[in-house]
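Visitor: Below is one structure. I have some questions about it.
Where a number appears in this text, it was derived from the coordinates with a stated rule and is not lab data. Only a predicted model underlies this, so the values are computations on that prediction, with no experimental measurement involved. Reconstructed Cβ throughout: ideal geometry from the backbone, glycine too, with neighbour counts over all protein chains shown.
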Amino acid sequence: MDRMEYRTEQEAELIMLGTGHAMVTKCYNTCFALRLGGEYFLVDAGGGNGILVQMEAAGISFGSVHRMFVTHAHTDHILGAVWVIRKVAALLRAGEYQGELTLYCHDKVKEILDFMCGQMLPGKFRAFLGKRIFLETVEDGDTREWEGTHLTFFDIGSTKEKQFGFAAVLPDGMRLACLGDEPYRERNRNHVFGCDWLLSEAFCLDAEKERYRPYEKHHSTALDAGKIAAGLGVGNLVLYHTEDGCLPERKTRYTQEARRHYAGNVYVPEDLERISLTGRHV
């Protein structure tokens with residue numbers, strides 16, 4: 001769907017701002033936005049000011065972003081958040097941003113963001129922290145509301161780096177679950193089982209696991225993701241956080257591999273691709 005095509009105010013949409021893992025050079029790091037009406041919920045921001053490029057290319061105004069979530073403190077997820085904060089602060093200073101920005105995160109992410117903003121942002125931008133820009137800590141199981149959507153944040157149980165995912169119940173009852181950038185763990189079953197949309201990492205193809213060694217990096221393959229989605233009765237599977245060695249063939253190859261065990265809809269988006277979430281219940 002072209003970005004300029006008309007969309008109804010009730011349509012829910014996923015916009016993939018980036019789809020690659022930490023070290024990609026041919027696409028941007030994995031991050032995305034959920035759209036409901038004219039508002040966007042930003043999830044992660046990649047590893048730098050490339051988030052500004054991706055937001056502009058996607059046609060997303062920072063004035064339409066008032067909620068954000070950072071899953072964990074790895075550089076390819078958290079560094080772009082500093083640029084988001086800086087951008088919103090600059091807009092606030094210029095009188096061009098209405099309302100407040102609230103960034104949800106767990107305690108370690110908040111500690112690191114507080115430090116980075118304190119060390120790296122000029123005082124004229126830091127002045128908005130705690131006044132119009134808020135870093136809000138969430139705990140495992142905490143809930144929040146956004147544009148009629150019920151959000152539940154949960155600890156994914158990472159053995160590598162403390163990381164949270166989230167589950168969302170959209171205004172039409174559609175259920176979406178994001179596992180961050182690590183594979184599904186059974187402790188998260190209540191958040192994921194039977195969901196309409198599962199957002200899952202797939203570091204590489206099973207056929208190329210000897211080359212990319214996903215398991216030693218606490219990641220998995222497209223084949224693994226398909227098996228998990230089938231076992232959990234998921235309606236639609238979105239794969240991201242991939243390598244970038246086969247971008248021209250990625251969509252076809254990852255889809256084919258996931259479908260070896262999963263009969264639902266498989267999406268392997270490109271950067272800036274939009275996916276309508278409306279009307280696709282399990």
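Visitor: Just for the range 178-203: of the residues that are free of Cβ contacts under 8 Å to residues at least 40 places away in the same chain and closer than 15 Å to Val238 by Cα, which one is nearest to the chain's Cα centre (by Cα)?
Guide: Of everything passing the filter in the range 178-203, Leu179 is nearest to the chain's Cα centre (by Cα).
Visitor: Can you give me the number of residues within the range 69-82 that are surrounded by fewer than 24 Cβ atoms within 10 Å (Cβ to Cβ), free of Cβ contacts under 8 Å to residues at least 60 places away in the same chain and either touching a helix residue (DSSP H, G or I) at 6+ places or on another chain (Cβ under 8 Å) or aliphatic (A, V, I, L, M) (or both)?
Guide: 3
Visitor: Hey, among Ala57, Ala33, which residue is out of contact with any Phe, Trp or Tyr (no Cβ under 9 Å at 6 or more places or on another chain), farther than 18 Å from Glu96 by Cβ and of a type in the set (A, V, I, L, M)?
Guide: Ala57
Visitor: Show me the helices (runs of 4 or more DSSP H) found entirely inside the range 205-262 where at least 2 residues are within 20 Å of Cys195 (Cα to Cα) and of a type in the set (D, E, K, R).
Guide: 222-231
Visitor: Something else: Given the structure, is Gly46 part of a loop (DSSP other than H, G, I, E, B), crowded, with 22+ Cβ neighbours inside 10 Å and at positive phi?
Guide: Spelling it out, Gly46 is indeed part of a loop (DSSP other than H, G, I, E, B), crowded, with 22+ Cβ neighbours inside 10 Å and at positive phi.
Visitor: Suppose we filter Leu205, Leu179 for residues that are crowded, with 16+ Cβ neighbours inside 10 Å and over 25 Å from Asp140 (Cβ atoms); which single one remains?
Guide: When all the criteria are applied, what remains is Leu205.
Visitor: Pick out the one residue from Gly63, Gly50, Gly18 that is more than 29 Å from Lys160 (Cα to Cα) and in contact with a Phe, Trp or Tyr (Cβ under 8 Å, 6 or more places away or on another chain).
Guide: Gly63 is the lone residue from the list that is more than 29 Å from Lys160 (Cα to Cα) and in contact with a Phe, Trp or Tyr (Cβ under 8 Å, 6 or more places away or on another chain).
Visitor: Which one of these is within 19 Å of Asn265 (Cβ to Cβ), among the aromatic types (Phe, Trp, Tyr) and touching a Phe, Trp or Tyr at 6+ places or on another chain (Cβ under 9 Å): Tyr212, Tyr240?
Guide: The conditions single out Tyr240.
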